[in-house]
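What follows is a set of notes on a single structure, which appears directly below.
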Amino acid sequence: MHKILALLSLLLFSNAAWAEPLRITALGDSLVQGYGLPQDQGLVPQLEHWLNENGAEVVLQNAGVSGDTTAGGAERAEWTLSDNPDGLIVLLGGNDLLRGLAPAAARANLALILQEAETLGIETLLIGMKAPGNYGLDYKTAFDAIYPDLAAEFDAVLHPDAFAGIAAAVGGDPAAAQAYLQDDGIHPNAGGVALNVAAIGPAALQLVTAIQH
């Protein structure tokens, strides 16, 4: 009887250890940090909830810093990954766009982050940003190409547009989009985050699958 109980305990312990949630770090700027939102309504908590609701046992760690450019993210990458998470989500580039920084520099910075993750054997989801048209077609073409190019180069999962959820809901109407943005007209409100999370979710599930295989 004691042997049977001991075996059951061992099996239960093993299953509990096997079922430990995956740790995924989200590296980014204010969109990741949750600027202007209640603590439970930012991208990280909403995406964690979405993933768990959709069958993925995940704990998301928030490594978002408001105001960060891709350069800031690259500087933090090694330290951010020092606890060896199971996966990495990268969402950077918005502040590069706001400042009109060179696409080539953003590409190089994001490549450094992805290279660090690859070196450590950490699967990555890269979330893209779409450049506005006010910098000209050449700038937009160069910037928009960064994310699919790097995802292919580093075999990362790609979600091409951080604002895809809002864009789909409003059909590209900037006026209608204001209902899903905070007063600054830049950062999503809680409802906007929910739309974006629903769009990001399938790619995040791909990341979970990549980690598990």
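The values are calculated or read from the model by the stated rules, or taken from the named source; none is laboratory data. These figures come from a predicted structure and were not determined experimentally. So basically every Cβ, Gly included, is an ideal-geometry build from the backbone, and we count neighbours across all protein chains shown. Heavy atoms of the whole protein, side chains included, go into the accessibility calculation; ligands, DNA and RNA do not. Shrake-Rupley method; radii C 1.70, N 1.55, O 1.52, S 1.80 Å.
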Working note, region 93-176: Cα radius of gyration (Å, one decimal) and Dmax (Å, whole number) are 13.7, 44
Longest principal axis of the chain (C-alpha) makes with the long axis of helix 2-18 (C-alpha) an angle, in degrees to the nearest 10, of 10
If you project the alpha carbons of region 19-108 onto the principal axes, what extent comes out on each, in Å, largest first? 43, 28, 18
Using a 1.4 Å probe over the heavy atoms of the protein chains, calculate the carbon and sulfur portion of the accessible area of region 101-213 as a whole percent. 59
Nearest 10 degrees, 0 to 90: helix 137-154 Cα axis against the chain principal axis: 20
Between the helical axis of 103-119 and the dominant principal axis of the chain, each derived from Cα atoms, what acute angle in degrees is found, rounded to the nearest 10? 10
Of Val44, Val170, Val193, the most mobile residue in a GNM of the chain (C-alpha springs, cutoff 10 Å) is Val170
Under a point-charge model restricted to the Cβ atoms of Lys and Arg (+1) and Asp and Glu (-1), what is the dipole moment magnitude of region 56-147 relative to its Cα centre, in debye to the nearest 20? 480
Mind telling me which of Arg76, Arg23, Arg99 comes out most flexible in a GNM of the chain, alpha-carbon contacts under 10 Å? Arg99
Between Glu53 and Ala104, how high is the FRET efficiency from 1/(1 + (r/R0)^6) when r is the Cβ-Cβ distance and R₀ = 35 Å? Nearest 0.05. 0.30
Report the relative contact order of region 78-213, percent, no decimals, based on alpha-carbon pairs under 8 angstrom and at least 6 residues apart. 24
Which of the three applies to region 132-171, rounded, prolate or oblate, going by the alpha-carbon gyration tensor with a ≥ b ≥ c and a/c under 1.5 meaning rounded? oblate
Of Ser66, Ser30, Ser82, which is the most mobile in a GNM of the chain whose springs link Cα atoms less than 10 angstrom apart? Ser82
Test of understanding: what is the full-extension gain from Asn134 to Ser66, defined as 0.36 nm times their sequence separation minus their Cα-Cα distance? 22.1 nm
Taking the C-alpha atoms of the chain, how large are the radius of gyration and the largest Cα-Cα span, Dmax, in Å? 18.8, 76
